[in-house]
Amino acid sequence: MKIAYIRPRFSAWLVLMALACPMEEAKAEEGDTPKWGPHLDLEGKAGTNRNLGEVDLFMPLLQNEDTLFFTNLRTRMDDSSSVEGNFGVGLRHMLGSGWNVGGIAYFDRRKSEWDNYYNQITLGLEALSTDWDFRSNAYIPQGSRVRSVDALNEVSLSGTTISFRGGEERSMAGFDGEIGWRLPVYEPEESRQIRLFAGGYHFFADEVADITGPRLRAEMAFDEVPWLWDGSRFSIGGEWQHDKPRGSQGFVTARLRIPLQFFGAGRKRLTPMERRMTDPVVRDIDIVSQAGAFGPVETATETADGQTLTVINASSVVDTDDFNIDLGTAGANTVIIDGTIDVDKQVNMVAGQTLVGSGNITVRSPSGREAVLTISGGKIAATNQNNAYTLLMRNNTKLIGMTVSNSNNGTGTFAVRADNTTGVTIENSTLTSFDGTTSSVAIAASGSTNLVVRNNTLSASSNTATTNGIVVGNATNATIANNRFSLSTTGTKRVITGNGTIIFNVASTGNTTNDGSCFFAAPPTRSVGFSTINCP
């Protein structure tokens with residue numbers, strides 16, 4: 001924390017009221033016309049990052065010949081669903097030296113683009129002359145400054161640790177200031193003027209990067225526009241600012257003043273400095289906030305549905321026996337495989353277990369918030385192992401986004417075995433099997449019930465022997481959908497093979513293959529849909 005937050009109890013408002021007490025009311029005598037009347041300003045700002053619209057009501061409360069006490073009510077909205085209201089009072093006084101000095105105090109309330117509400121007190125000082133402008137404002141958050149934004153939650157994997165940070169939006173305290181100069185292309189008494197402004201701003205809050213940068217703007221104002229009402233004003237301008245968190249932003253602005261005293265006695269012509277007594281209050285247009293993953297770091301250990309999460313990093317696996325011990329310890333939960341694990345024996349899943357190598361997992365933090373963890377690169381690779389199978393799946397196991405490969409020579413080679421299982425799911429995975437001299441199979445799932453094989457790349461190859469994408473003898477309610485088969489051999493190429501009674505689910509559609517055909521000893525119930533072959 002750079003400075004202690006100030007908690008004003010509207011003392012600035014009381015000071016302004018006290019200073020205004022000696023003034024006479026505008027309607028002091030019958031027939032007197034107040035020097036300064038109410039008006040409504042309408043402003044549009046077309047920007048590089050967003051567009052805004054503002055309605056600004058300026059209402060004199062008390063005045064005499066050289067002092068004006070007023071209220072200023074503003075509402076602003078943008079095309080990012082942010083809405084803000086500013087409710088303020090101000091005091092301006094004309095000095096004999098030719099300067100107008102004053103102060104403002106506002107209560108601000110904003111609904112941000114993330115649908116969070118924030119409150120703020122704004123205090124400001126200004127000194128204006130014919131040629132120069134000096135302004136400064138302080139912005140002091142009130143009430144709750146931190147709001148949760150689950151859409152900004154972040155989660156990452158490092159080693160075997162899943163780190164979670166909650167998304168938050170934080171309102172920021174700060175200040176700004178500017179110096180303005182009248183470009184002397186017109187006489188001071190003329191009703192049109194060009195002014196240039198240079199300034200800067202600084203906003204800060206705990207756990208977020210400071211917002212600090214320069215701000216430049218230019219304005220051309222036209223008083224007494226012939227085709228508008230008496231007391232009207234039209235101005236056009238441009239603004240530019242830059243800070244590291246938000247980058248560069250630019251606006252083109254147009255502002256129209258509508259006087260609210262259409263009837264009654266006419267007003268005498270005002271001097272340039274009298275006209276400046278009703279200049280728009282210049283301050284930051286927003287309660288400044290930043291949104292991002294600013295919450296405390298938590299370690300996530302479970303999925304959104306309550307399963308325990310275990311991460312097995314390839315660098316920590318000594319051998320296949322060690323890998324199987326880790327899987328057994330993880331139990332019927334979700335296991336993330338990080339990296340490539342080389343094995344020389346069969347890998348055994350636990351019933352009810354899920355292995356994930358790539359894709360998205362929704363995790364839950366200890367504080368109960370959720371985020372999507374994206375992972376990639378999980379592989380199990382077997383080369384010349386003693387067992388024909390790389391991975392053994394059991395009842396109700398899932399293989400999600402994994403790469404499983406088996407390369408052998410002469411024993412019959414299988415990437416995944418799911419024979420005599422119930423409820424096995426294989427999705428979004430790449431399964432590859434190669435055998436130099438005997439048969440090669442990507443998935444063996446004979447005797448399975450409710451098997452789901454979906455959105456996978458299945459490759460089986462051999463030099464001379466038969467290759468099989470999937471073997472499903474005596475399978476019941478098997479769903480084989482949206483898979484990409486690739487078969488390579490000088491021998492027989494079988495995309496799907498099955499003996500006995502086979503029942504396919506009606507959702508078995510959308511598959512492709514580069515070559516080969518399906519073989520069934522007896523016609524199955526229903527078929528498997530391919531774009532290039534009939535099966536059967």
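The values are calculated or read from the model by the stated rules, or taken from the named source; none is laboratory data. Since this is a predicted model, take the numbers as computed values, not measurements. Here Cβ is always computed from backbone atoms with ideal geometry, including for glycine, and neighbour counts include all displayed protein chains.
A count restricted to the range 402-431 and to residues that are closer than 20 Å to ALA381 by Cβ, assigned to a strand (DSSP E or B) and over 38 Å from the mean Cα position of the chain (by Cα) stands at 8.
Here the range 520-536 is the region considered, the condition is being of a type in the set (Ser, Thr, Tyr) and in a loop (DSSP other than H, G, I, E, B), and the residue that is nearest to the chain's Cα centre (by Cα) is SER531. For ASP279, the criteria (1) over 25 Å from ASN86 (Cα atoms); (2) at pLDDT 95 or above; (3) out of contact with any strand residue (DSSP E or B) (no Cβ under 6 Å at 6 or more places or on another chain) hold in every case but one, which is (1). Checking every residue in the range 300-309 against the condition of being within 30 Å of ILE140 (Cβ to Cβ), touching a residue at least 24 places away in the same chain (Cβ under 8 Å), surrounded by 13 or more Cβ atoms within 10 Å (Cβ to Cβ) and within 25 Å of the chain's Cα centre (by Cα) gives zero matches.
Inspection of the range 75-82 finds a residue satisfying the criterion of being within 21 Å of ARG257 (Cα to Cα) and of a type in the set (D, E, K, R).
Is it true that SER446 is part of a loop (DSSP other than H, G, I, E, B) and farther than 23 Å from THR411 by Cβ? Taking the combined requirement at face value, the residue does not satisfy it.
Looking across the range 478-491 at every residue that is more than 14 Å from GLY516 (Cα to Cα) and among the aliphatic types (A, V, I, L, M), the one that is surrounded by the fewest Cβ atoms within 10 Å (Cβ to Cβ) is identified as ALA481. The set of residues in the range 28-45 being surrounded by fewer than 15 Cβ atoms within 10 Å (Cβ to Cβ) and either modelled with pLDDT of 95 or more or touching a Pro at 6+ places or on another chain (Cβ under 7 Å) (or both) consists of LEU42, GLY44.
Residue by residue, here is whether (1) of a type in the set (A, V, I, L, M); (2) crowded, with 17+ Cβ neighbours inside 10 Å; (3) in contact (Cβ under 8 Å) with a residue 60 or more places away in the chain; (4) part of a strand (DSSP E or B) holds:
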{"residue": "GLU219", "(1), (2), (3), (4)": "no, yes, no, yes"}
{"residue": "LEU228", "(1), (2), (3), (4)": "yes, no, no, no"}
{"residue": "GLY231", "(1), (2), (3), (4)": "no, yes, yes, no"}
{"residue": "ALA254", "(1), (2), (3), (4)": "yes, no, yes, yes"}
{"residue": "ARG257", "(1), (2), (3), (4)": "no, yes, yes, yes"}
{"residue": "ARG269", "(1), (2), (3), (4)": "no, no, no, no"}
{"residue": "ARG275", "(1), (2), (3), (4)": "no, yes, no, no"}
{"residue": "ARG283", "(1), (2), (3), (4)": "no, yes, yes, no"}
{"residue": "PHE294", "(1), (2), (3), (4)": "no, yes, yes, no"}
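Yes/no per residue for (1) surrounded by fewer than 24 Cβ atoms within 10 Å (Cβ to Cβ); (2) of a type in the set (Phe, Trp, Tyr):
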| residue | (1), (2) |
| --- | --- |
| PHE434 | yes, yes |
| ALA465 | yes, no |
| ILE470 | no, no |
| THR476 | yes, no |
| THR512 | yes, no |
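Of all the criteria given as (1) farther than 18 Å from ARG484 by Cβ; (2) out of contact with any Gly (no Cβ under 7 Å at 6 or more places or on another chain), the one not satisfied by THR497 is (1).
The sole residue among THR390, THR320 that is within 30 Å of THR437 (Cβ to Cβ), crowded, with 16+ Cβ neighbours inside 10 Å, in the same structural domain as THR422 (by TED's automatic domain parsing) and in contact with a Lys or Arg (Cβ under 7 Å, 6 or more places away or on another chain) is THR320. Would it be correct to say that LEU355 is over 38 Å from the mean Cα position of the chain (by Cα), at pLDDT 95 or above, part of a strand (DSSP E or B) and hydrophobic (A, V, I, L, M, F, W, C)? No, not satisfied. Only a single item in (1) out of contact with any strand residue (DSSP E or B) (no Cβ under 9 Å at 6 or more places or on another chain); (2) buried (at least 16 other Cβ atoms within 10 Å of the Cβ); (3) not small (Gly, Ala, Ser) is not met by GLU187, and it is number (2).
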